[in-house]
Amino acid sequence: MIPLCAPENAKLPTALALGSFDGLHLGHKKVIKAILKEPIGIPTVVSFWPHPREVLFGESRLRLDLPNEKTSLLEPLGIEQLVLVPFNKTLASKSAETFVDEILVKTLQAKHIAVGENFRFGRNREGDISTLKRIGESLGIKVSIVPILEDDNGRLSSSRIRKALNEGDLKHAKYLLKRPYTFMGMVEKGRGLGKTIGWPTANLKIDGRKFLPTLGVYAAWASIANKKERFSAVMNIGPQPTIDPNSLSAVEVHLLDKKINLLGQELIIEPVQRIRLQQKFESIEALSKQITLDAILAKEILANDL
């Protein structure tokens, strides 16, 4: 896997694609391809961590791709390293010229810089693509500006992917990503409530910075990290309104027709289709009957997703 590193540890000199690249859709890939056309530096993706809006405005910005997930997505594209620039108020206060000089030129020794045409940088977002081109020309750095990619519904963006996931529309999210949306979680010991009603579940501990689909019951694929076999499953994202109305939101996965001790294992989950919204049932028996129906429907959905 390609290295994930701080700017001072990067292999030099670099040809770098600069941006958040969250979701790594086709628009992002066009920016990345721009630095691969000419071998004038180590092919590098440079992003900020945490997201600038978290630092500047206190917004919570959950990621479609966490850094360790992003490295595995970038490597097949020809990228050799992912550099995360620590974003803080000191960096935010630097002018556009100072940012390019200190980070991109002196630290990363950029020979080629590629960005999307809507890229902004520097104090108060004062720098734009014309600023970057001007600075690049003065320093002899090649600058590639990549047009925004659109389809019939508008600009391809991470926001559209988030909207699809917020609506439980995994099919549209997959279309935008050109790959299934997945997340990982470590199986930890739960309270065993699912087992008491005949539906034992693996309770997943998910990185709190990861963006998840909206609450509901899903047909999903589950696989153990670093193993090829995948298992059909029913997944619940949310609290347990029937069993424990005061429970916190959680991710629970029940493998269909398979009994495996998953405690302590890291699972990779690929939600395929939302089956229904969460609801509170009149009794545990009614809940168990509904889960039986959910399992039947999940098997049908996954049988068509092979």
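Each of 72, 20 was scored by other Cβ atoms within 10 Å of its Cβ. Listed from fewest to most, they are 72, 20.
Past 20 Å, Cα to Cα, is the threshold; run 30/70; 30/178; 37/94 against it and keep the listed order. Distance filter (> 20 Å) returns 37/94.
Ranking of 229, 270, 126 by neighbouring Cβ atoms within 10 Å, starting from the fewest: 229, 126, 270. For residue 171, a cut-off of 12 angstrom between C-alpha atoms picks up these aspartates and glutamates, skipping any fewer than 8 places away in its own chain: 270, 305. Helix 284-303 and the long axis of the chain differ in direction by around 50°, with both axes built from C-alpha atoms. Once the chain from residue 9 to residue 304 is taken as fully extended at 0.36 nm per residue, the excess over their C-alpha distance is 101.6 nm.
Within a straight-line Cα-Cα reach of under 14 Å, residue 106 can be paired with the following aspartates and glutamates, leaving aside sequence neighbours fewer than 8 residues apart in one chain: 8, 97. Placing a pseudo-label 7 Å from each Cα along the Cα-to-Cβ vector at residue 215 and residue 57 gives an inter-label distance of 2.5 nm. Arranged from fewest to most other beta-carbon atoms within 10 Å of their beta carbon, 84, 104 become 84, 104.
Straight-line reach from residue 189: taking Cα to Cα under 20 Å and skipping same-chain neighbours fewer than 8 places apart, the lysines in range are 205, 258, 259.
We did not get these values from a lab; they are worked out from the coordinates using the rules stated. Keep in mind that this is a model prediction, so the values were computed, not measured. Note that each Cβ is placed from the backbone with ideal geometry, even for glycine, and that neighbours are counted across all protein chains shown.
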